[in-house]
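Taking it in order: structure first as structure tokens, then the write-up.
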Amino acid sequence: MNDNPQGILMGAVRAVAIFGGIMTLAPMLVMAERRICAAIQNRVGPNRVGPMGLLQPLADVIKLLFKEEIIPDRADRTLFSLAPLLAFAPAAISFVAIPVGRDLQVADLNVGVLYVLAITSLGVYGISFGGWASNSKYSLLGGIRSSAQIISYEIAMGLAIVSVLMISGNIHLGSIVEWQAENGWIIFYQPLAFIIFLVAAFAENNRLPFDMAECESELVGGFHTEYTGMKFGMFFLGEYIAMIVMSSLLVTLFLGGWDPVFFDLPEGAAGTAISVLCFTVKLLAVLFLYIWVRWTLPRFRYDQLMKLGWKAFVPLALLNIVLTGIVVSLLTETG
Amino acid sequence: MTEENKNKPERPRRSWSFLLYLPAVAKGLFNTLLHILKLKGHKTFTVQYPEKRQEVRPGFRGEHRLKVDELGREKCVACLMCQTVCPSNCIDIVAEEAPWEDRDKRPKIFEIDMLRCIYCGMCEEACPCDAIELTEKLYTVSTSRAEMIYDKEKLLSN
Ligand code: SF4
Ligand code: SF4
């Protein structure tokens, strides 16, 4: 893309800023999760470390860093150490294609949607390798469940996205947002696809009500039962970053990305700043929904999960595509 | 060939809207939102411990106290009833002759091992002289095991 040194420098600055942003957001999200969950359960939550407990995430990370790393006997040492990285890295690098503001992303990819989908799917390797390498039945079951779940819901998710692409007529994330800025948010055109995508995103991130991979009451900790210290921390952080990526994708595809609904963005840097702000607000709202749902709904049973994925969402998504296709072709023919 | 299982429980009929799940989900979300916003009389139950302390209900059974009478003498007559009844065997009494006219004995040593006590209150009920009672003190703390054996002075001053 940019071959001149200045362009490369600007790219580097953008990369650092955006990654710095999500790496700060992830621990804050953990904090927010604990406080919101506490509020839902009529508790207070962590409020001692720093003002209003805001330094709690820092304390947690320091604790994790200083914890002893234990590798179980007869575990596959290479895979065991590799797995947290494999869970963490895809989540982080898939964020590069997300337009966080007007013309502002780390890498402006023509096939943004495909890229994000492809890379986030790699996260499942981390989970299944972790489960396999731990040499523990709980980890193994957790890993197996989660790979099956992620693969199933990926289909529904992909199909839901297809109908979005049909409407906006583009696969470049920036252009999809621009289309929405002109014609209105896609959620109003595709409510069904939105719901399917939302639920599939919960499932992809192994969040409640679909946290089959962890499932504390059945599988101890699921795939990360045997992990300690910063390796566990990587899984944990990766999970939250994956959540941020999925929410960003949701905001970009359905909620108008950086588009501030009520007014047009001014030209220049001020407009970019406002667009970033809009994106952040929407992102935080979706993340709040994630947390809110987690502390409201009980966990699905495994067979219910699969049934919902294959028997409800895949056919619905297909139906949605057919309907969208008919409507789009009728409109383009007449108009 | 296949016989109908007569004991098979009937499946509950579920309406179409129930099977959509979404209405129920929305209801649940609304409910938890009320909890977050603390509407509808929800309140936070947490007590911020070192700054605030939980109120003790009347009748709470905490540390023991040996009572004294109007003349400032301990009421206990060392009858050993409490020691006998104590289910965890944590009261240790050594009697001596009382210097007063109205009773024969008084305790020379009266020790309760607070680490063994289960705060059942049997001692209080067994005492014929109403000499021992459980107070509402609940912070039984010390830095060593030896300190947890309360002697007569400690119990009298409790
Ligand atoms: S409260 Fe119960 S256990 Fe404790 S000293 Fe009295 S009788 Fe024994
Ligand atoms: S039962 Fe009462 S009077 Fe008897 S030894 Fe115990 S405290 Fe003293």
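The values are calculated or read from the model by the stated rules, or taken from the named source; none is laboratory data. Everything quoted here is computed from the prediction, not taken from an experiment. Here the Cβ positions follow ideal geometry from the backbone for every residue, glycine too, while neighbour counts run over all protein chains shown. Heads up: the accessible areas ignore ligands, DNA and RNA and are worked out on the full protein's heavy atoms, side chains in. Shrake-Rupley method; radii C 1.70, N 1.55, O 1.52, S 1.80 Å.
Using the structure shown, decide if B:LEU33 is open to solvent by 70 Å² or more (accessible area, probe 1.4 Å) and either within 12 Å of chain A (Cβ to nearest Cβ) or on the phi > 0 side of the Ramachandran plot (or both).
no
Would you point out which residue out of B:GLY59, B:GLY72 is more than 16 Å from ligand 2 (Cβ to nearest atom) and assigned by TED's automatic domain parsing to the domain that holds B:ARG103?
Numbers: B:GLY59 fails: assigned by TED's automatic domain parsing to the domain that holds B:ARG103.
B:GLY72 is the lone residue from the list that is more than 16 Å from ligand 2 (Cβ to nearest atom) and assigned by TED's automatic domain parsing to the domain that holds B:ARG103.
Every residue in the range B:43-87 that is within 12 Å of ligand 1 (Cβ to nearest atom) and at pLDDT below 85, please.
Those that are within 12 Å of ligand 1 (Cβ to nearest atom) and at pLDDT below 85: none in the range B:43-87.
When the residues of the range B:106-132 are narrowed to those that are on the phi > 0 side of the Ramachandran plot and either within 7 Å of ligand 1 (Cβ to nearest atom) or within 14 Å of chain A (Cβ to nearest Cβ) (or both), which ends up surrounded by the most Cβ atoms within 10 Å (Cβ to Cβ)?
Step one: filter the range B:106-132 for residues on the phi > 0 side of the Ramachandran plot, giving B:119, B:121, B:130.
Then keep just the ones that are either within 7 Å of ligand 1 (Cβ to nearest atom) or within 14 Å of chain A (Cβ to nearest Cβ) (or both); that gives B:119, B:121.
On the way: B:TYR119: 16, B:GLY121: 14.
Among those that are on the phi > 0 side of the Ramachandran plot and either within 7 Å of ligand 1 (Cβ to nearest atom) or within 14 Å of chain A (Cβ to nearest Cβ) (or both), it is B:TYR119.
Taking the condition of being open to solvent by 30 Å² or more (accessible area, probe 1.4 Å) and either over 25 Å from A:TRP295 (Cβ atoms) or within 13 Å of chain B (Cβ to nearest Cβ) (or both), how many residues in the range A:53-72 meet it?
Selection size over the range A:53-72: 8.
Just a yes or no: is a residue in the range B:89-103 open to solvent by 80 Å² or more (accessible area, probe 1.4 Å) and either within 16 Å of ligand 1 (Cβ to nearest atom) or within 14 Å of chain A (Cβ to nearest Cβ) (or both)?
yes
Residues that are of a type in the set (S, T, N, Q) and away from chain B (no Cβ under 14 Å), at least 1 per element: which helices (runs of 4 or more DSSP H) completely within the range A:229-326 meet that?
Working: elements: A:229-254, A:268-294, A:302-307.
Here the list reads A:229-254, A:268-294.
What residue, of A:SER81, A:SER136, A:SER94, is buried (at least 17 other Cβ atoms within 10 Å of the Cβ) and over 26 Å from A:ALA15 (Cα atoms)?
A:SER136
State which residue pairs qualify: first residue under 24 Å from B:THR140 (Cβ atoms) and open to solvent by 40 Å² or more (accessible area, probe 1.4 Å) and inside the range B:52-79, second residue aliphatic (A, V, I, L, M) and away from ligand 2 (no atom under 16 Å from the Cβ) in any location, beta carbons under 8 Å apart, and separation of 6 or more residues or different chains.
B:ARG53/B:VAL47; B:GLN54/B:VAL47; B:VAL56/B:LEU138; B:PHE60/B:LEU138
Which of the residues spanning the range B:105-132 are in contact with a Leu (Cβ under 8 Å, 6 or more places away or on another chain), in a loop (DSSP other than H, G, I, E, B) and within 12 Å of ligand 2 (Cβ to nearest atom)?
Within the range B:105-132, just B:ALA131 meets the criteria.
Pick from A:LEU277, A:LEU250, A:LEU330, A:LEU319: which is among the aliphatic types (A, V, I, L, M), open to solvent by 60 Å² or more (accessible area, probe 1.4 Å) and within 17 Å of A:VAL164 (Cβ to Cβ)?
Only one candidate passes the filter, namely A:LEU319.
Condition first: more than 14 Å from chain A (Cβ to nearest Cβ), more than 10 Å from ligand 2 (Cβ to nearest atom) and assigned to a strand (DSSP E or B). Can you find one or more residues in the range B:138-147 that meet it?
There is no residue in the range B:138-147 that is more than 14 Å from chain A (Cβ to nearest Cβ), more than 10 Å from ligand 2 (Cβ to nearest atom) and assigned to a strand (DSSP E or B).
Using beta carbons and a limit of 8 Å, which pairs, at least six apart or on different chains, have the first residue in the range A:30-45 and more than 9 Å from chain B (Cβ to nearest Cβ) and the second one buried (at least 19 other Cβ atoms within 10 Å of the Cβ) and of a type in the set (A, V, I, L, M)?
So the pair list comes out as A:ALA32/A:LEU287; A:ALA32/A:ILE291; A:GLU33/A:ILE291; A:CYS37/A:ILE291.
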